[in-house]
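Inspection log for the structure reproduced underneath, given as structure tokens.
The values are calculated or read from the model by the stated rules, or taken from the named source; none is laboratory data. As the structure is a prediction and not an experimental result, all values here were calculated from the model. Positions of Cβ are generated from backbone atoms using ideal geometry, with glycine treated the same way; all protein chains shown enter the neighbour counts.
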Amino acid sequence: MTNHFPSILLVDDDKDICENMADILVDLGFRVDMAHEGRAALKLVRERPYDLALLDLKMPGMDGLTLYREIKKVQAGIVALLITAHAGGSTTQEAIDAGTWRVLPKPVDVARLLSLLDEALKKPLMLVVDDDADLCVNLWDLLHEQGYRVCIAHDGRQAAERLRDSTRVVLIDLKLSDRDGSEVFRQIRGTNPAARTVLITGYRAETEPVVEQLQAEGADAICYKPFNIPDLLQTLSKLVKE
């Protein structure tokens, strides 16, 4: 985990638009990378972390919405804004359903865009560490609807890679495919002690001694599967506010 300036990926096949926008964002303190087509953008996403992505909808080859769906598989915590000359109607709804945060018309209103970027960065960042891919998808959808940014890790290695200094809450499954969840908990506590931690498990009786030990070490909460959704959301809201 490293400290970083807010990072944004700009993807547009119009190089002039990309360069002009990048100049504005760099002056405001963003770290900016540019790509002019989908495959190059995905290569960047696989190599380095981003907070935000600004994606043109209409591009040769891979369009912006398809690109976002691929980005989400690699870095689910990126907040994506789609820009298009044809905003509204089915395009906007399809983009929102896919998980993009906003759809903006071209030409982009820079003041509006900067306001949205600032708003997006204020959304609390959560990390879900669980090897159940379907559960992670469901939690992403649930927490996204509540206004959180959500990163996903399926094992301890990914958890270490995707933990940020800005991560507010980490949900940790106690049984992971590559290691015990308690090891991940201790790793997170050592790396980012400010992050609040929620233990999750479907094995109440079996994990009770581990849960008690980790709570003694500073774990903030325990949520049992299958989740009581209102209780889970209340717990996360409380931890974020604290």
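Of the residues TRP140, TRP101, which single one is under 24 Å from VAL240 (Cα atoms) and modelled with pLDDT of 95 or more? Don't jump to the end; show me each part of the working.
Values: TRP101 fails: modelled with pLDDT of 95 or more.
Going through TRP140, TRP101 in turn, just one is under 24 Å from VAL240 (Cα atoms) and modelled with pLDDT of 95 or more: TRP140.
Scan the stretch 193-205 residue by residue and report those that are farther than 24 Å from LEU163 by Cα and either at pLDDT 95 or above or surrounded by 12 or more Cβ atoms within 10 Å (Cβ to Cβ) (or both). Quick ask: steps written out before the conclusion?
So the first thing to find is which residues in the stretch 193-205 are farther than 24 Å from LEU163 by Cα, and the list is 203-205.
Answer for the stretch 193-205, where residues must be farther than 24 Å from LEU163 by Cα and either at pLDDT 95 or above or surrounded by 12 or more Cβ atoms within 10 Å (Cβ to Cβ) (or both): just TYR203.
Out of the stretch 200-242, which residues are in contact with a Ser or Thr (Cβ under 8 Å, 6 or more places away or on another chain) and not charged (D, E, K, R)? Spell out the reasoning first.
Initially, the stretch 200-242 is screened for residues in contact with a Ser or Thr (Cβ under 8 Å, 6 or more places away or on another chain), giving 201, 207, 210-211, 213-214, 218-225.
Listed by number, the residues that qualify are THR201, THR207, VAL210, VAL211, GLN213, LEU214, GLY218, ALA219, ALA221, ILE222, CYS223, TYR224.
Return yes or no: is ASP63 of a type in the set (Asp, Glu) and more than 26 Å from ARG39 (Cα to Cα)? Break it down stepwise before answering.
Details: of a type in the set (Asp, Glu): yes; more than 26 Å from ARG39 (Cα to Cα): no.
So ASP63 fails the test.
Residue by residue through the stretch 132-163, note down the ones that are over 20 Å from ALA98 (Cα atoms) and either touching a Pro at 6+ places or on another chain (Cβ under 8 Å) or in the same structural domain as ARG48 (by TED's automatic domain parsing) (or both).
If the condition is that a residue be over 20 Å from ALA98 (Cα atoms) and either touching a Pro at 6+ places or on another chain (Cβ under 8 Å) or in the same structural domain as ARG48 (by TED's automatic domain parsing) (or both), then ARG162 is the only one that fits.
When ILE229 is evaluated against the numbered criteria (1) within 27 Å of VAL79 (Cβ to Cβ); (2) in contact (Cβ under 8 Å) with a residue 40 or more places away in the chain; (3) buried (at least 16 other Cβ atoms within 10 Å of the Cβ), which criterion, by number, is the only one it fails?
Failed condition: (3).
Among (1) of a type outside the set (Lys, Arg); (2) out of contact with any helix residue (DSSP H, G or I) (no Cβ under 9 Å at 6 or more places or on another chain); (3) surrounded by fewer than 18 Cβ atoms within 10 Å (Cβ to Cβ), which single condition is LEU125 missing?
Result: LEU125 passes all but (3).
Could you list, in sequence order, the residues of the stretch 57-96 that are buried (at least 22 other Cβ atoms within 10 Å of the Cβ) and farther than 20 Å from LEU125 by Cα?
If the condition is that a residue be buried (at least 22 other Cβ atoms within 10 Å of the Cβ) and farther than 20 Å from LEU125 by Cα, then LEU57, GLY64, LEU67, LEU82, ILE83, ALA95 are the ones that fit.
Is it fair to say CYS136 is within 23 Å of ILE78 (Cβ to Cβ) and assigned to a helix (DSSP H, G or I)? Even if it seems obvious, please write down each step before you answer.
On the way: within 23 Å of ILE78 (Cβ to Cβ): yes; assigned to a helix (DSSP H, G or I): yes.
In short, yes.
Restricting to the stretch 181-213, count the residues that are small (Gly, Ala, Ser) and within 19 Å of the chain's Cα centre (by Cα).
First, pick out the residues of the stretch 181-213 that are small (Gly, Ala, Ser): 181-182, 190, 194-195, 202, 205.
The next check asks that each one be within 19 Å of the chain's Cα centre (by Cα); those that pass are 194-195.
The total comes to 2.
Only one of (1) over 20 Å from PRO6 (Cβ atoms); (2) free of Cβ contacts under 8 Å to residues at least 24 places away in the same chain; (3) within 17 Å of the chain's Cα centre (by Cα) fails for GLN93. Which number is that?
Among (1) over 20 Å from PRO6 (Cβ atoms); (2) free of Cβ contacts under 8 Å to residues at least 24 places away in the same chain; (3) within 17 Å of the chain's Cα centre (by Cα), GLN93 violates only (3).
Considering every residue within the stretch 102-109, establish whether at least one is assigned to a loop (DSSP other than H, G, I, E, B) and in contact with a Lys or Arg (Cβ under 6 Å, 6 or more places away or on another chain). Give the derivation first.
Here is the first cut: in the stretch 102-109, the residues assigned to a loop (DSSP other than H, G, I, E, B) are 106-109.
After this cut, where a residue has to be in contact with a Lys or Arg (Cβ under 6 Å, 6 or more places away or on another chain) as well, the list is none.
No: zero hits.
Test PHE185 against the criterion of being touching a strand residue (DSSP E or B) at 6+ places or on another chain (Cβ under 6 Å), modelled with pLDDT of 95 or more and not aliphatic (A, V, I, L, M), and give yes or no. Full working, then the answer.
Working: touching a strand residue (DSSP E or B) at 6+ places or on another chain (Cβ under 6 Å): yes; modelled with pLDDT of 95 or more: yes; not aliphatic (A, V, I, L, M): yes.
When the stated conditions are applied, PHE185 passes them.
Mind counting the residues in the stretch 212-238 that are touching a strand residue (DSSP E or B) at 6+ places or on another chain (Cβ under 7 Å) and part of a loop (DSSP other than H, G, I, E, B)?
3
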